[in-house]
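Encoded as structure tokens, the structure appears first; notes follow it.
The values are calculated or read from the model by the stated rules, or taken from the named source; none is laboratory data. Bear in mind that the values here come from a model prediction, so they are computed numbers and not experimental data. Note that each Cβ is placed from the backbone with ideal geometry, even for glycine, and that neighbours are counted across all protein chains shown.
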Amino acid sequence: MVLTQNLTKKYIEEAEEYVANIYHPLPVVLSKGEGVWVWDIEGRKFLDMLSAYSALNQGHRHPRIIQALKDQLEKITLTSRAFHNDIMGKFLEKLCKLTGKEKVLPMNTGAEAVETAIKAARKWGYLRKKVEENKAEIIVLENNFHGRTTMIVGFSSDEQYRYGFGPFPEGFKIIPYDSAEALEKSITSNTVGFLFEPIQGEGGVIIPHEGYLQKTYEICKKHNVLYMADEIQTGLGRTGKLFCCDHEGVKADIIIIGKALGGGAYPVSAILADNNIMDVYTPGDHGSTFGGNPLACAVGIASLEVIIEEDLPGKSLEMGRYFIERLKNIKSSHIKEVRGKGLLIGVEINKESGTARPFCEALKEEGILAKETHKQVIRFAPPLIIKKEEIDWALERIEKVLKR
């Protein structure tokens, strides 16, 4: 045991010596994953309750996704967009048919997809809405999290995300979350888009009131403003529907996806929109060496097929309801609130009990890997393939920690 603990310490110290200090991970060194479970280098088994921030909706190393990856590795992995490849069209067609959109622009990371959507909305505003050049505005929400690029952190309301990284690009207006009235009042003739997360995951699993999505959608339609849904964390089954906006029957003008699109095996992201928006792009306007590469497309196809054919949105809806209800029944003075939709769940810790970090550390000792967000919230977001007996196993240990 001492030898393996020394090995854990060695790996952590080795990484910390060479990596930039931008994360505060739990002190565990993982070396293997399968389904909802992971193992560390000491051989200890843990239930993954984070899913790499929803990138592992299909679970670790889903056999179908891994096989697609292996098969494509034997053929061709990268062509760049300077040439066509024989699999991208199939991938994009699948995405379009799944979402009802006419066009896809494939990228790699979530932040890239958000930037791609912003560029599309701005150019649409100038060419279609006839906004004066360089006057386009996009409305965003307080407590948002859309990525880490300089432009994106520039419209964050979290001071830590912004500190030391300015000056920032202009053209963004921040309004309160969950207020359709605030959106209505903030729109001007220069407003081209409304960029939002249907549920603020990184912000603490903050869920708007019922009807908020529908009301804001109607306001955007009335004012000819693009409705831009960042479904990178909430999409592809996480909240109990294919997309979180589906809960209110809303279809965004621009859908931004990533994370689970790569099945936990490869970074894949995209934006989806109809021709009247996407056609503002012309050759040379935008690009990505790796966007739409054959390996990404093969993984993306398999990832989507697993989500649909295994009905992961339906499983998320059923297991999420059960998990949330059981969490709400835990009697603990530490719990301020339990909230969630599907298998995107937050347990907010009372400030009198300290922050959520010690609870996550205690859960690790019980065999559960979860991570705090916004200091006070434990986020529970397991792979969507999780079974009831695995949730029961977890709940026994979660209750034990929360009742200490």
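Here are some notes:
- Among the candidates I349, I307, I368, residue that is under 18 Å from the mean Cα position of the chain (by Cα) and of a type in the set (A, V, I, L, M): I307
- Checked against (1) surrounded by fewer than 17 Cβ atoms within 10 Å (Cβ to Cβ); (2) at negative phi, F91 passes all but a single condition, namely (1).
- Only one of the numbered conditions (1) assigned to a loop (DSSP other than H, G, I, E, B); (2) at pLDDT 95 or above; (3) loosely packed, with under 14 Cβ neighbours inside 10 Å is violated by Q58, and that is (3).
- Unmet requirement for G292, which otherwise passes all of (1) surrounded by fewer than 17 Cβ atoms within 10 Å (Cβ to Cβ); (2) at positive phi: (1)
- Scanning the range 89-114 for residues being assigned to a helix (DSSP H, G or I) and of a type in the set (S, T, Y) gives a total of 1.
- Meets criteria (farther than 19 Å from V36 by Cα and modelled with pLDDT of 95 or more) for E337: yes
- Only one entry in E202, E197, E218 is more than 27 Å from G264 (Cα to Cα) and among the charged types (D, E, K, R), namely E218.
- Some residue of the range 146-161 being touching a residue at least 60 places away in the same chain (Cβ under 8 Å) and either over 30 Å from Y266 (Cβ atoms) or touching a helix residue (DSSP H, G or I) at 6+ places or on another chain (Cβ under 7 Å) (or both): yes
- Filter pass, G204 being under 21 Å from the mean Cα position of the chain (by Cα), more than 21 Å from G314 (Cα to Cα) and in contact (Cβ under 8 Å) with a residue 60 or more places away in the chain: yes
- Checked against the criteria, T79 does not count as over 18 Å from the mean Cα position of the chain (by Cα) and within 25 Å of I378 (Cα to Cα).
- Single residue of V299, V268 found to be over 30 Å from C220 (Cβ atoms), crowded, with 24+ Cβ neighbours inside 10 Å and not hydroxyl-bearing (S, T, Y): V299
- Odd one out for E159, checked against (1) among the charged types (D, E, K, R); (2) out of contact with any Phe, Trp or Tyr (no Cβ under 9 Å at 6 or more places or on another chain); (3) modelled with pLDDT of 95 or more; (4) more than 22 Å from A273 (Cβ to Cβ): (3)
- Condition check for H223: assigned by TED's automatic domain parsing to the domain that holds L98, over 23 Å from N275 (Cβ atoms) and surrounded by fewer than 23 Cβ atoms within 10 Å (Cβ to Cβ): no
- For the range 28-49, a residue qualifies if it is more than 22 Å from A265 (Cα to Cα) and either free of Cβ contacts under 8 Å to residues at least 60 places away in the same chain or not assigned by TED's automatic domain parsing to the domain that holds E365 (or both), and the qualifying residues are E42, G43.
- Selected residue (criterion: surrounded by the fewest Cβ atoms within 10 Å (Cβ to Cβ)) from residues of the range 321-372 that are touching a Lys or Arg at 6+ places or on another chain (Cβ under 7 Å) and on the phi > 0 side of the Ramachandran plot: G367
- Filtered by the rule that a residue be out of contact with any strand residue (DSSP E or B) (no Cβ under 9 Å at 6 or more places or on another chain) and farther than 11 Å from A260 by Cα, the range 44-64 gives R44, P63, R64.
- Residue check for I386: outside any helix (DSSP H, G or I), assigned by TED's automatic domain parsing to the domain that holds D48, buried (at least 20 other Cβ atoms within 10 Å of the Cβ) and over 18 Å from the mean Cα position of the chain (by Cα): yes
One line per residue, one yes/no per condition, for (1) of a type outside the set (A, V, I, L, M, F, W, C); (2) modelled with pLDDT under 95; (3) surrounded by 24 or more Cβ atoms within 10 Å (Cβ to Cβ):
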{"position": "G235", "(1), (2), (3)": "yes, no, yes"}
{"position": "K241", "(1), (2), (3)": "yes, no, no"}
{"position": "I256", "(1), (2), (3)": "no, no, yes"}
{"position": "L272", "(1), (2), (3)": "no, no, yes"}
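- E133 more than 23 Å from N224 (Cα to Cα) and either out of contact with any Ser or Thr (no Cβ under 6 Å at 6 or more places or on another chain) or hydrophobic (A, V, I, L, M, F, W, C) (or both): no
- Selected residue [closer than 19 Å to I254 by Cα and without any contact (Cβ under 8 Å) to a residue 40 or more places away in the chain] from F172, F168: F172
- Criterion violated by D86 - all others in (1) in a helix (DSSP H, G or I); (2) acidic (D, E); (3) not assigned by TED's automatic domain parsing to the domain that holds P358 satisfied: (1)
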